[in-house]
Structures are given as structure tokens and as C-alpha cells.
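These notes concern the structure reproduced below.
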Amino acid sequence: MQLTAQSLDLRLSAPFRIARSVQTGAFNVLVRLEAGGHVGIGEAAPSPYYGEKRESVLMALDAFAAQLGDDPLLIEDIMGALDHALGGNAAAKAAINMALYDLLGQRLGLPLYALLGLNPARTPLTSYTIAIANPDAMAAHARAAREYPILKIKLGAGHEVETMRAIRAASDATVRVDANAAWTPREAVRIIAAIAEYGVEFVEQPVPATDLEGLRFVREHSPVPIIADESCVRLDSVPRMAGRVDGINIKLAKCGGVTAALRMIHAARAHHLQVMLGCMIESSLSITAAAHLSPLADYADLDGALLIAHDPFDGVCVRDGKLLLSDRPGLGVRTRDEPPEAATQ
Ligand code: MG
């Protein structure tokens, strides 16, 4: 199997501010795996918050190239070898893993959702994220986003009640809130009680990632469900979430790909946790990989590609918030300048 990697620079349409940082673009990596006349593609979306950046992804991919062997169908063996070669590096592993599923689907002539036995009609609606700005600007953004029936509102920089009041006056969409670990448990309880009247569906990661008892405290005092994101990274995080939150946000770039995400989904169900599928700032390549799993999720927040100025890939479509998967084999993703007839073989 031949692995090649190249930089994938994504520029955001507008600065993306959350409680702890602001982003104007993403420095991702495009992976190509060639085997048996097919080319599988994958995307790494490294997050410095989780200890990865483009340089570390490229170094990891270099180390992984020798572990791939010649049979792309041996996905479990390959992922085991990568884990053995190098711990962590989840974004790099996710890129290889989705490229392997792309190859498998092309080999068998089936889209990934079909390989997994999933019904593409069951994809949930994705939310569309309103990044932190002043309350009026966030309300204007919410008004402009009227094609999306679900909005995810980033909070955690103060003015929470004012922001939610302004957004509710501008939009009647379903709203979810993500504090990105910004509040103390007591602050969280107070703020959630104050914003609940604006019809909040759930609150994501109200307290710092390591404050698991804080999560439990907030959940016990919150009128709305609590979802863990930064606190729940990999499979072994899942059992710790039981009884502390109502659900978890799974991201391919956090956990290491489709194989790892499937394990997390099933572990979450075993612990009576709801499942949300989320993303980093990513192109339609890795967003589509996650969308193939979305019939298994209760909630989707797969808007990464909607936030970038020039999406180089054509994959899952979003219409009125609904994730629409194509029936092309594998991930079913093609580059935007590729003529349709070339992609359908
Ligand atoms: Mg989040």
C-alpha cells in the first residue's frame, strides 16, 4: 500500500471564536492510500488542544507508512499496528482509517453506510455553529443562518443571558449551547438556569475537561441535558461518563477514525449515554466520513465544511440541515473540479 500526504489548507469564511481560542483557518492534511488500482482518501484535522498539529501528523504518517502492509482489507490489524507503533496521534490515525474504509467501499462497490448496515434515510439534522461575538452580531448571524433548523451557540465569554435573549429574538431555531469548558460548576448551574427559558436543547461541556465531578454536579442541577465533549476523547473515556452526563460528543479526529468511533458509539449505548457526532474545522472529506456513521447518532454537529470559504471536496450535502449521503462507493467524496462522469467509474 502506498501512502502519500499533503497539506490541506482551509480558510474560514469568518473568524471562529470559542471560549478559549479564535481560529481563522485550519492546517489539515490530506492522505491518499493506493492499493489494487484504487485510491482511498482521508483527512487529518489536528487540534493543538489535543496535542496535535500538522507537523506531528506528517511525522506520525511517516512512521505509519511502514506499518500498513499490502492488504487494505485488514483494517483491524492495521489500526492495531498503528496503535502499537505510536500512541495518541488520533487525527493522523483517523485519516488513514477513513482512507481504508474508502478503499474497502470502492473494492466492494458499496458506500460506507451500506458496509456498516446503516440506513442513509436515518441521518440526523446537523446543527450550524454560531461562534462567539457580541450578542448583536451573534443574533445577526443566527438570523442569516435561517436555512438551518438547529443552531449551536458558542458561549463562555460572558454576556450569556443577553446573547441567548438576542438570539431567541432573531431566530426560532432549535438551539444548543457549547461552553467549551469555560465555566466553574457553580457558574454553569447559574447560567444554565438563566438561559434554559430560551429553549436550550442541551449544553455541551460546561466545565473544564478534567472536572468529572463538576460535570456530575452540573447535570444534577441542570434542567437541560449535559453532553461531554472535551471530557470524552477516546473509548476509555466512555465508562467514566456514565452517570455524570447525558451524552457524549464523538469526533473522528479525537478518537482515531471510523473504527474507534463505532466502538465509542456502542460503549456509549451500553452506558445509556446519548450520542452526538461532532467535528473540527474540516473539509467535506472527513465530514462525509463522519456523516456515514450519523444514522447511529442522536445528534449531529457536522458543520465544519459549511464554515470554510472554499471546500475542496464534494461529499455529503446539507439541505435544510439534513445530511444527504450519496450512494457512490466508499466515502463517495470527490474533488470539486472532478467531472461527475470521471467519479462514477
Ligand atoms: Mg464542543
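What to note about this one:
- Summary of packing: across the peptides 180-190, 58-68, the per-residue average of other C-beta atoms within 10 Å ranks them, highest first, as 180-190, 58-68.
- In degrees, nearest ten, helix 160-170 long axis to first principal axis of the chain (Cα): 80
- Computed packing ranks the peptides 71-83, 287-299 as 287-299, 71-83, most packed first, by mean other Cβ atoms within 10 Å.
- Counting only lysines at least 8 places from K152 when in the same chain, those with an alpha carbon closer than 27 Å to its own are K53, K251, K254, K322.
- GNM remark for the chain: springs join alpha carbons under 10 Å apart, and the peak mean-square fluctuation among A270, A196, A166 falls on A270.
- Here r is the Cβ-Cβ distance between R336 and H84 and R0 is 56 Å; the resulting FRET efficiency, rounded to 0.05, is 0.90.
- Sulfur and carbon atoms: percent of accessible area, segment 116-207 [1.4 Å]: 49
- Once divided by 2.2 N^0.38 Å, the Cα radius of gyration of the chain becomes 0.96.
- Spatial separation of Cα centroids for segment 189-262 and segment 3-52, in angstrom: 25
- S13 paired with K53, simple spin-label distance in nm, labels 7 Å along Cα-to-beta-carbon: 2.9
- Förster-model FRET efficiency, 22 Å R0, V22 and T184, C-beta, rounded to 0.05: 0.45
The values are calculated or read from the model by the stated rules, or taken from the named source; none is laboratory data. Note that this is a predicted model, so its numbers are computed, not measured. Please note: Cβ atoms are built from the backbone with ideal geometry, for glycine as well, and neighbour counts cover all protein chains shown. Keep in mind that these areas ignore ligands, DNA and RNA; they rest on the heavy atoms of the full protein, side chains included. Shrake-Rupley method; radii C 1.70, N 1.55, O 1.52, S 1.80 Å.
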